[in-house]
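One structure is given below, encoded as structure tokens.
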Amino acid sequence: MNTHLPFISLVLIGLVLYSCQPKTQESKVESHLGEIHFKVTGAAEAQPYFEKGLLLLHSFEYEDARAEFLKAQELDPDFAMAFWGEAMTHNQPIWQRQQYDEGKAALEKLAATPEGRQAKAGAELERDLLKAVEVLFGEGDKFGRDKAYASNMEGLYEKYPGNHEVAAFYALSLLGSVAVGRDEAVFEKGAAIAEGILKENPNHPGALHYLIHSYDDPGHASLAKTAADRYAGVAPDAAHALHMPSHIFVAMGMWDEVVASNEASYAASVKRMERMGLDNDARSYHALHWLLYGYLQQGRVADARRILDDMVQYTETLPSKSARSYLVRMKGNYLVETDEYAGSYADIEVNLDGLNISQQAIWQFLEGMKAYQQKDKKQLAGIIDAMGQARQQAGMAVTNAGTPMCGAGGSYGNPNQLDIDQAYILE
């Protein structure tokens, strides 16, 4: 494997890189998605769907979680927390993404105003959680809303000591309040909260998941090794839970474990796709990307090529933004690790229309490496100039707070500051 560009390869993999009288902490829910103890106001027949949705939400299986919350709403149209849950599926804090309009629409189905929505809550805790989600889908830019939401959840964490769900969502809100990079104090606080939950419930999927994210870097990864070893076994029905331990394994150079995790995660996503009759975008391209990278670190170049060939086919069948984005990344990792800029894989073409600046920067970087190896100085200079212009233009779409003006962000959406920073590194 090529050892000359390890930092660039990490940048590429990083671009890849939730009864009428309610009682909390009493209803034990055990499944292949983890274990929680949470009871809220709603019809008895709707409770299992809400609880399953909550478990899926903790493992970032947002679409499936939403489906469960919608089932709960069908069974009990006044189940306020089911609408809260649906709105929460439209906020992906770790990925710095949010479907703002959809989240507001979910809340407005319950009632037209915040006051009307809170009036339908059956307990003070439920009203407080509804008030908190109103902040996420309220006024201001996304970064400001994330910070305000974390502050709100801190108040609830202090108001409801011992409530695991409040604690878990507070820990997640802390991680989501950091728009770019790692804030040591904030991430350590999130980790401590997650660890506190796990002392009382070692099978809580959110606590395991958020602890891994809190320590998701080479300097801290060993602190989440136990959680990484445990999470996939606690929530094997969540494809993302099968993938997530590999964040720690990559940081620790445990390539056999990286491969095993992502083989299992990708297989689970394919099984779900086939069971539900979904299209190729239901494949976990994220896990497939990490699997390709793991194979390359193991020296299994032929297996990496097979994945890249498959990804080309999937993209041709359904050229979605997601597929095209991941094809760019996979091509990038393959070329950086193998140095095959003169080979056939360097000639893979991808339509970049609508892709985020970070994906465009990867593409231009690869074209620049080809020009460099061909000693084409004019071509190389033109590529560098084009990269700079594209980055500056994308930067104009980012507010001074470092978040996209229309709120979403993400690898194939509107740019956030992290995207701009990554593009600058590649430039």
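Select from the stretch 334-389 the residues that are of a type in the set (Phe, Trp, Tyr) and within 25 Å of Lys321 (Cβ to Cβ) and list them in ascending order.
Taking the stretch 334-389 first, the residues of a type in the set (Phe, Trp, Tyr) are 334, 341, 345, 363, 365, 372.
Within the stretch 334-389, Tyr334, Tyr345, Trp363, Phe365 meet the criteria.
Inspect all residues belonging to the stretch 108-122 and state whether any of them is at pLDDT 95 or above, assigned to a loop (DSSP other than H, G, I, E, B), of a type in the set (Val, Ile, Thr) and over 20 Å from the mean Cα position of the chain (by Cα).
Yes - at least one qualifying residue is present in the stretch 108-122.
Quick test of your reading of the structure: Leu296 fulfils all but one of (1) at pLDDT below 95; (2) in contact with an Asp or Glu (Cβ under 7 Å, 6 or more places away or on another chain). Name the failing condition by number.
Of (1) at pLDDT below 95; (2) in contact with an Asp or Glu (Cβ under 7 Å, 6 or more places away or on another chain), only one is false for Leu296: (1).
Just to be sure before I move on: is Ser246 touching a Gly at 6+ places or on another chain (Cβ under 7 Å), within 26 Å of Ala179 (Cα to Cα), buried (at least 21 other Cβ atoms within 10 Å of the Cβ) and among the polar types (S, T, N, Q) in the structure I sent? Explain how you work it out, then say what you get.
On the way: touching a Gly at 6+ places or on another chain (Cβ under 7 Å): no; within 26 Å of Ala179 (Cα to Cα): yes; buried (at least 21 other Cβ atoms within 10 Å of the Cβ): yes; among the polar types (S, T, N, Q): yes.
Criteria not met by Ser246.
Please tell me if Gly196 is over 26 Å from Glu61 (Cβ atoms) and either part of a helix (DSSP H, G or I) or in contact with a His (Cβ under 7 Å, 6 or more places away or on another chain) (or both).
When the stated conditions are applied, Gly196 does not pass them.
Please tell me if Ala44 is out of contact with any helix residue (DSSP H, G or I) (no Cβ under 9 Å at 6 or more places or on another chain), under 30 Å from Phe143 (Cβ atoms), at pLDDT 95 or above and of a type in the set (A, V, I, L, M).
On the way: out of contact with any helix residue (DSSP H, G or I) (no Cβ under 9 Å at 6 or more places or on another chain): yes; under 30 Å from Phe143 (Cβ atoms): no; at pLDDT 95 or above: yes; of a type in the set (A, V, I, L, M): yes.
Criteria not met by Ala44.
Given the structure, is Ile307 modelled with pLDDT of 90 or more and not polar (S, T, N, Q)? So that I can check it myself, show each step before the final result.
On the way: modelled with pLDDT of 90 or more: yes; not polar (S, T, N, Q): yes.
Against the criterion (modelled with pLDDT of 90 or more and not polar (S, T, N, Q)), Ile307 qualifies.
Kindly provide the set of residues from the stretch 223-243 that are farther than 20 Å from Val270 by Cβ and crowded, with 24+ Cβ neighbours inside 10 Å, ordered by number. Lay out the reasoning, then the answer.
Keep residues of the stretch 223-243 that are farther than 20 Å from Val270 by Cβ, which gives 223-231, 233-234.
Scanning the stretch 223-243 gives Ala224, Ala227, Ala228, Tyr231.
The rows are residues; the columns are (1) in a helix (DSSP H, G or I); (2) of a type in the set (A, V, I, L, M, F, W, C).
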residue: Ala287; (1), (2): yes, yes
residue: Trp290; (1), (2): yes, yes
residue: Tyr293; (1), (2): yes, no
residue: Ala302; (1), (2): yes, yes
residue: Asp309; (1), (2): yes, no
residue: Val312; (1), (2): yes, yes
residue: Thr315; (1), (2): yes, no
residue: Pro319; (1), (2): no, no
residue: Ser322; (1), (2): yes, no
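Here is a list of conditions, (1) of a type in the set (Ser, Thr, Tyr); (2) surrounded by 18 or more Cβ atoms within 10 Å (Cβ to Cβ); (3) out of contact with any helix residue (DSSP H, G or I) (no Cβ under 8 Å at 6 or more places or on another chain), and Ser358 meets all of them except one; can you say which number that is?
Only one criterion in (1) of a type in the set (Ser, Thr, Tyr); (2) surrounded by 18 or more Cβ atoms within 10 Å (Cβ to Cβ); (3) out of contact with any helix residue (DSSP H, G or I) (no Cβ under 8 Å at 6 or more places or on another chain) is unmet by Ser358, namely (3).
Would you call Ala179 at pLDDT 95 or above and not charged (D, E, K, R)? Quick ask: steps written out before the conclusion?
Numbers: at pLDDT 95 or above: no; not charged (D, E, K, R): yes.
For Ala179, the condition - at pLDDT 95 or above and not charged (D, E, K, R) - is not met.
Of all residues in the stretch 258-289, which are within 16 Å of Leu318 (Cα to Cα) and either aromatic (Phe, Trp, Tyr) or in contact with a strand residue (DSSP E or B) (Cβ under 7 Å, 6 or more places away or on another chain) (or both)?
Within the stretch 258-289, Tyr285 is the sole residue that qualifies.
Checking the condition modelled with pLDDT under 95, within 20 Å of the chain's Cα centre (by Cα) and charged (D, E, K, R), which residue from Lys147, Lys142 passes?
Numbers: Lys147 fails: modelled with pLDDT under 95.
Matching residue, one of Lys147, Lys142: Lys142.
Among the listed residues Glu124, Glu154, which satisfies the condition of being surrounded by fewer than 21 Cβ atoms within 10 Å (Cβ to Cβ) and farther than 25 Å from Gly34 by Cα? Break it down into steps so the answer makes sense when it comes.
On the way: Glu154 fails: farther than 25 Å from Gly34 by Cα.
Within the list Glu124, Glu154, the selection yields Glu124.
Conditions first: (1) under 23 Å from His240 (Cα atoms); (2) hydrophobic (A, V, I, L, M, F, W, C); (3) touching a helix residue (DSSP H, G or I) at 6+ places or on another chain (Cβ under 6 Å). Ala192 passes all but one, so which condition is the exception?
Every listed condition holds for Ala192 apart from (3).
The values are calculated or read from the model by the stated rules, or taken from the named source; none is laboratory data. Remember, predicted model here, so these are calculated numbers, not experimental data. Neighbour counts run over all protein chains shown; Cβ positions are idealised from the backbone, glycine included.
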